[in-house]
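Structure first, then comments.
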Amino acid sequence: MIAANDFCTHYRIELSFIESLRESALIETVTVREELFIDEAQLPLLEKLVRLHVDLGINVEGLETILHLQERIQEMQLQITRLKNDLRRWEE
Amino acid sequence: MEFIDYYKILGVNKDATADDIKKAYRKLARKHHPDLNPNDKEAQKTFQQINEANEVLSDPEKRKKYDQYGRDWQHSDMFEQQRRSQQQRRHYQDSEAYTGGGEGEDFSSFFESMFGESGFQGRRTRFRGADYQAELHLELADVMKTDKRTLTVNGKNIRITIPAGVENGQVIKIKGHGAPGSNGGPAGDLYITFQVADTAPFRRSGFDLHTKVAVDLYTAILGGEVLVDTLDGKVKLKVNPETQPGTTVRLKGKGVPVYKKDGEYGDLYVTYDVSLPKNLSDEQRELFRQLSRLK
């Protein structure tokens, strides 16, 4: 578990940003003795959200939309792969 | 070393206002950001270039220096003077490194040679490492259950999980196993493309399998049983009387595991390939003639 404050210091972001992500259910946090902690397993996703927010100025609503669309793109890419495989077999 | 035109990279004129530069940077950064273009090396390279251009042109002092010295950077005395007054990370043996002889130096080294570290205000841009690509060849039997396998990529052993039901051509991402990042940036990712070959006598379609089984004429007409291969052994199928050639039956749950859905399986479709008898004896031929008179 990583203290949210330490994470924010390292990445030079406000704690309120982490809290906004939690409120939008983009990440989960744990509170221990009134201090916010983040599970290490969530770090890759959280770092990606920080990069998009800091590098591109995207707000939390935008991040939500981006994640949703990226998930849809992945599903569609998988569907395309399947269709290509089927087409290849019919052409053989 | 080649002169790099930051204005051209951002697509702005030399008299662009700070606002123009900011807008141009934002537009390009959103288009080429690595997190929005996974698996795209060109996008990552372009994003680095855009960032460096913005770092210089968005800072009035740096932009002034770049405008003043940028074109004439080949004059080594100016750079010697800058170099002595800056703290460098690297040691340059030859002042001609600044006069165009340095082939193979990358974008960032030009930037550092102009401004070093002392003139750099604010957060230093961290760059994500490049992504690696790899292929893994599998047989159909290999995707029937989730399994772990050790791969060697660029000399490093990586233990990966191959999910059951993975498709031919499907790509998975292993976070952080690409090239290391620079300036404390995160490592890139490893993308593995699965090449899953069909295994005779099965043809895969999504999570379903298709196969053909030979049925002799007598079984097709009178009914009986036939043995069919599945991926987990043989199954005895009942053949109904008067089964037509090309009839397809579905064996539920005998296909491939559905990707990321534990306990769910596709189906196996078995097509009956009715074969006609050959090398009939005289008696058999006579019996067929009798049959034909009865139709």
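Determine if segment A:35-49 includes at least one residue that is outside any helix (DSSP H, G or I), surrounded by fewer than 16 Cβ atoms within 10 Å (Cβ to Cβ) and within 13 Å of another protein chain (Cβ to nearest Cβ).
Among the residues of segment A:35-49, not one is outside any helix (DSSP H, G or I), surrounded by fewer than 16 Cβ atoms within 10 Å (Cβ to Cβ) and within 13 Å of another protein chain (Cβ to nearest Cβ), which makes the answer no.
Mind listing whichever residues of segment B:213-225 are surrounded by fewer than 16 Cβ atoms within 10 Å (Cβ to Cβ) and out of contact with any helix residue (DSSP H, G or I) (no Cβ under 8 Å at 6 or more places or on another chain)?
If the condition is that a residue be surrounded by fewer than 16 Cβ atoms within 10 Å (Cβ to Cβ) and out of contact with any helix residue (DSSP H, G or I) (no Cβ under 8 Å at 6 or more places or on another chain), then B:A214, B:D216, B:L217, B:Y218, B:I221, B:L222, B:G223 are the ones that fit.
Does A:R82 qualify as being assigned to a helix (DSSP H, G or I), open to solvent by less than 40 Å² (accessible area, probe 1.4 Å), within 11 Å of another protein chain (Cβ to nearest Cβ) and over 28 Å from B:F47 (Cα atoms)?
no
Are any of the residues in segment A:59-71 closer than 30 Å to B:D208 by Cβ, open to solvent by 30 Å² or more (accessible area, probe 1.4 Å) and within 11 Å of another protein chain (Cβ to nearest Cβ)?
Yes.
Please go through segment B:170-192 and give me each residue that is more than 10 Å from chain A (Cβ to nearest Cβ), surrounded by fewer than 16 Cβ atoms within 10 Å (Cβ to Cβ) and in contact with an Asp or Glu (Cβ under 9 Å, 6 or more places away or on another chain), ordered by number.
Once the filter is applied, which keeps residues that are more than 10 Å from chain A (Cβ to nearest Cβ), surrounded by fewer than 16 Cβ atoms within 10 Å (Cβ to Cβ) and in contact with an Asp or Glu (Cβ under 9 Å, 6 or more places away or on another chain), segment B:170-192 yields only B:A179.
Is it true that some residue in segment B:212-223 is within 14 Å of chain A (Cβ to nearest Cβ), of a type in the set (A, V, I, L, M) and either without any contact (Cβ under 8 Å) to a residue 60 or more places away in the chain or in contact with a His (Cβ under 6 Å, 6 or more places away or on another chain) (or both)?
No, because not a single residue in segment B:212-223 is within 14 Å of chain A (Cβ to nearest Cβ), of a type in the set (A, V, I, L, M) and either without any contact (Cβ under 8 Å) to a residue 60 or more places away in the chain or in contact with a His (Cβ under 6 Å, 6 or more places away or on another chain) (or both).
In segment B:1-28, how many residues are in contact with a helix residue (DSSP H, G or I) (Cβ under 9 Å, 6 or more places away or on another chain) and either buried (at least 18 other Cβ atoms within 10 Å of the Cβ) or assigned to a loop (DSSP other than H, G, I, E, B) (or both)?
Qualifying residue count for the region: 18.
The values are calculated or read from the model by the stated rules, or taken from the named source; none is laboratory data. Just so it is clear, the structure is predicted and the values come from calculations on it, not from any experiment. For neighbour counting, all protein chains shown are included, and Cβ atoms are generated from backbone atoms with ideal geometry for every residue, glycine included. Ligands, DNA and RNA are excluded from the accessible area calculation, which covers all protein heavy atoms including side chains. Shrake-Rupley method; radii C 1.70, N 1.55, O 1.52, S 1.80 Å.
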